[in-house]
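A short worksheet on the structure shown next.
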Amino acid sequence: MLLIRPATIHDSALLRTMIRELAEFEHELDLVTITEEDLARDGFGEHPRFRASIAEWDGQAAGYALFFDYY
């Protein structure tokens, strides 16, 4: 079953992993410098700079979406 849910601060490591996997697929992993701490601060801190959703299929992460004006 597919579930799409808002990401939380507890998803920072998962988001970083999926961002890195996409960059690796695009052969641009060397350009990824973001850390879990960056994501936690910038997405879930006092002044969020982005929002994110996580797609899960049968309880396993299957994808993500980031929403931002600029980031």
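The values are calculated or read from the model by the stated rules, or taken from the named source; none is laboratory data. Computed from a predicted model, the values in this text were never measured in an experiment. We place every Cβ from the backbone using ideal geometry, glycine too, and count neighbours over all the protein chains shown. Note: accessible area is taken over every heavy atom of the protein model, side chains too, but ligands, DNA and RNA are not part of it. Shrake-Rupley method; radii C 1.70, N 1.55, O 1.52, S 1.80 Å.
Of the candidates ALA13, ALA23, ALA40, ALA55, the single residue that is open to solvent by less than 100 Å² (accessible area, probe 1.4 Å), not in a helix (DSSP H, G or I) and not acidic (Asp, Glu) is ALA55.
If you check GLY45 against the conditions, is it of a type outside the set (S, T, N, Q), closer than 14 Å to ARG5 by Cβ and loosely packed, with under 13 Cβ neighbours inside 10 Å?
Working: of a type outside the set (S, T, N, Q): yes; closer than 14 Å to ARG5 by Cβ: no; loosely packed, with under 13 Cβ neighbours inside 10 Å: yes.
No.
Taking each residue of region 40-61 that is under 17 Å from ALA13 (Cβ atoms) and looking for partners that are among the basic types (Lys, Arg) and in a loop (DSSP other than H, G, I, E, B) with beta-carbon atoms closer than 6 Å, six or more apart or interchain, yields ASP42/ARG49.
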